[in-house]
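The values are calculated or read from the model by the stated rules, or taken from the named source; none is laboratory data. Being a predicted model, the structure only gives us computed values, none of them experimental. Methodologically, a virtual Cβ is constructed for each residue, glycine included, from the backbone with ideal geometry; neighbour enumeration extends over all protein chains shown.
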Amino acid sequence: MKLSFNGADRGVTGSCHMVEAGGLRILIDCGLYQGGRELDEENEEPFGFDPRDIDVVLLTHAHLDHCGRLPLLAKRGFKGEIISTSASAELARLVMVDAANLQAEDARFHAKKMRNHFRRADVKPPLYSLIDALNAASHFGRVAHYGRRIELSDTLTATFVDAGHILGSASVLLEEKNGATKRILFSGDLGNPHGILLAEPPPPPEVDNVVMETTYGDRNHKDVDPSVGEFYTAVTEAFQRGGNVVIPTFAIERAQELLFVICKGMVENHLPPQTQVFLDSPMAISVTEIMARNLDALKPEIADAIRRGYDPFDFQGVNMVREHKQSQLVNEIKRGAIIMAGSGMCTGGRIRHHLLQNLPREESSVVFVGFAAGGTLARRIIDGADVVTIFGERVPVKAKVHTINGFSAHAGRDQLLEWHAATKAARTILVHGEESSMASFGDALKGTSVDMPRLHDTIEL
Ligand SMILES: [Zn+2]
């Protein structure tokens, strides 16, 4: 078995690991690099392998940094099968289409800027088109069910194990029978077992080798409950100042968690009953609908409540904003609104319009509830920039900025350590983390050898 690393190596985005085993070339994820223009260029680089040689992609989950280069893979000649859970396949299709749209939007914006400033129109085309995204979606084949083996070749099987990270997310176990059985587990992204919506996943299987994420390898999250309290306070104070609350929102999971928390807050009188909530993201609205079709993934008490007709994603005061015109009208609301829009790291999407309106207003608040990679607009605001640039305009940051980190869909350091201990792995390969986080986590591991591969490194097992 041979591994090679083609993304998310000493970084948190662009997940893409290749396994050569059982006579096959397999990719675990094929994600996009995110965070600033320099990373855009990394996306365009050759993969480090020939996409035509890949037989199977096993997709751990549908976040863009795990599935976002699939359209490029297919565009460059991949002809194989993509295997994932059914929820991941549904979500990945949305995520890839959304990415293609955002790239087209970005390309148009930059073309306009180039024409205005330099009177030149020779700008970079998008990484891939909507057709490329739909083409990639057509490669989804067999559906993975948690805990059920899938035969990839005579000597190799894959088993998807619930990772509790987002709807449909999985760790992937590969078992190769070549004399003795070799077992390797790819963690994918691991969830926060104390999350708000998803049912708690089972412990991971015992294996020889593990390839594991270290996003929060150096720190624990705050608990969810105090974070929810902090959120209610942030909203109430902004409303008292006469402003709005703008929340850059990841469409998958975070938007639905926030709707649940807001609904609960209104029922329990932590928030005013007349609070107006705008989910200004066609993508997040679609994800909410997909979640409502996958109730078994939710905590049993939430699923039961929904089955009995108490829908925490669709309550009085919620406005699902798909139409662009309606989104522009939200811009005119000056007070008493919670506005959720994507993208979560503010690198694209409608959130930038709401930031343009609300960042210069002392009355408003911007509440960050998710991870923000270095180099993104979200990170600059969180790090305390006085002025940021949006659509080429310099925008003063006068709004109150809150960062509430207990909502994370990622396991914190102690949960990662606990997960690792349960695998009993003798060899551990760390990926998907900033270098400092990875190093700190590696130091804490006991009874296992630790590797931290760099881009395009290979490891023979
Ligand atoms: Zn993820």
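Restricting the search to strands (runs of 3 or more DSSP E) fully inside the stretch 350-461 and requiring at least 3 residues that are farther than 15 Å from residue 213 by Cβ gives 365-368, 387-390, 393-396, 400-403, 458-460. Restricted to the stretch 356-383, and to residues there that are modelled with pLDDT of 95 or more and of a type in the set (Val, Ile, Thr), the residue that is surrounded by the most Cβ atoms within 10 Å (Cβ to Cβ) is 366.
The residue list 260, 250 contains one member that is assigned by TED's automatic domain parsing to the domain that holds residue 332, outside any helix (DSSP H, G or I) and in contact with a helix residue (DSSP H, G or I) (Cβ under 9 Å, 6 or more places away or on another chain), which is 250.
Considering each residue of the stretch 86-105, count those that are closer than 15 Å to residue 140 by Cα and away from the ligand (no atom under 14 Å from the Cβ), and give that number. Working first, answer last.
Initial filter on the stretch 86-105 (closer than 15 Å to residue 140 by Cα): 86-97.
Retained after the next criterion (residues that are away from the ligand (no atom under 14 Å from the Cβ)): 86, 89-90, 93-94, 96-97.
Here the count works out to 7.
When 107, 163, 137, 89 are checked against the criterion of being buried (at least 24 other Cβ atoms within 10 Å of the Cβ) and within 24 Å of the chain's Cα centre (by Cα), 163 stands alone in meeting it. Is it the case that residue 174 is hydrophobic (A, V, I, L, M, F, W, C), crowded, with 19+ Cβ neighbours inside 10 Å and closer than 29 Å to residue 370 by Cβ? Taking the combined requirement at face value, the residue does not satisfy it. Looking at the stretch 27-37, can you tell me whether even one residue there is more than 16 Å from the ligand (Cβ to nearest atom), free of Cβ contacts under 8 Å to residues at least 40 places away in the same chain and more than 18 Å from residue 152 (Cβ to Cβ)? Yes.
Just to be sure before I move on: is residue 439 within 16 Å of the ligand (Cβ to nearest atom) and within 24 Å of the chain's Cα centre (by Cα) in the structure I sent?
Numbers: within 16 Å of the ligand (Cβ to nearest atom): no; within 24 Å of the chain's Cα centre (by Cα): yes.
So residue 439 does not fit the description; no.
Checking each residue in the stretch 270-296 for being more than 18 Å from the chain's Cα centre (by Cα), within 26 Å of residue 243 (Cβ to Cβ) and among the polar types (S, T, N, Q) picks out 274, 275, 276. Taking every residue in the stretch 154-167 that is assigned by TED's automatic domain parsing to the domain that holds residue 58 and in contact (Cβ under 8 Å) with a residue 24 or more places away in the chain and pairing it with any residue that is among the β-branched types (Val, Ile, Thr) and away from the ligand (no atom under 16 Å from the Cβ), at least 6 positions away or on another chain, the pairs with Cβ-Cβ distances below 6 Å are 158/150.
Rundown of residues vs (1) of a type in the set (Asp, Glu); (2) part of a strand (DSSP E or B); (3) under 25 Å from residue 30 (Cβ atoms); (4) without any contact (Cβ under 8 Å) to a residue 12 or more places away in the chain, yes/no style:
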{"site": "125", "(1), (2), (3), (4)": "no, no, yes, no"}
{"site": "128", "(1), (2), (3), (4)": "no, no, yes, no"}
{"site": "133", "(1), (2), (3), (4)": "no, no, yes, no"}
{"site": "185", "(1), (2), (3), (4)": "no, yes, yes, no"}
{"site": "188", "(1), (2), (3), (4)": "no, no, yes, no"}
{"site": "217", "(1), (2), (3), (4)": "no, no, yes, no"}
{"site": "222", "(1), (2), (3), (4)": "no, no, no, no"}
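The listed residues are 155, 159, and the only one of them that is within 24 Å of residue 60 (Cβ to Cβ), in contact with a Leu (Cβ under 6 Å, 6 or more places away or on another chain), modelled with pLDDT of 95 or more and of a type in the set (Ser, Thr, Tyr) turns out to be 159.
With the structure loaded, tell me whether residue 347 is touching a Ser or Thr at 6+ places or on another chain (Cβ under 9 Å) and not in a helix (DSSP H, G or I) or whether it fails that test. Considered against the rule, which asks whether it is touching a Ser or Thr at 6+ places or on another chain (Cβ under 9 Å) and not in a helix (DSSP H, G or I), residue 347 comes out as yes. Within the stretch 58-78, the set of residues being touching a residue at least 60 places away in the same chain (Cβ under 8 Å) and either part of a loop (DSSP other than H, G, I, E, B) or within 16 Å of the ligand (Cβ to nearest atom) (or both) comprises 58, 60, 61, 62, 63, 66, 69, 70, 78. Helices (runs of 4 or more DSSP H) fully within the stretch 279-340 that include at least 1 residues being within 20 Å of residue 87 (Cα to Cα) and either without any contact (Cβ under 8 Å) to a residue 40 or more places away in the chain or assigned by TED's automatic domain parsing to the domain that holds residue 162 (or both): 282-292, 300-307. When you check residue 151 against the structure, is it over 27 Å from the mean Cα position of the chain (by Cα), buried (at least 20 other Cβ atoms within 10 Å of the Cβ) and either away from the ligand (no atom under 16 Å from the Cβ) or not charged (D, E, K, R) (or both), yes or no? So residue 151 does not fit the description; no. Might you let me know whether the stretch 394-402 holds any residue that is at pLDDT 95 or above and of a type in the set (Gly, Ala, Ser)? Yes: one or more hits. Looking at 209, 192, 178, which is the one that is more than 15 Å from the ligand (Cβ to nearest atom), at pLDDT below 95 and assigned by TED's automatic domain parsing to the domain that holds residue 92? Criteria check complete, one pass: 178.
Considering the stretch 275-330, the residues that are in contact with a Phe, Trp or Tyr (Cβ under 7 Å, 6 or more places away or on another chain) and surrounded by fewer than 17 Cβ atoms within 10 Å (Cβ to Cβ) include one that is farthest from residue 254 (Cα to Cα), namely 319. Here residue 407 clears all of (1) more than 20 Å from residue 8 (Cα to Cα); (2) more than 16 Å from the ligand (Cβ to nearest atom); (3) at pLDDT below 95 except the condition numbered (2). Confirm whether residue 201 is away from the ligand (no atom under 15 Å from the Cβ) and in a loop (DSSP other than H, G, I, E, B). Judged against the criteria, residue 201 is not a match.
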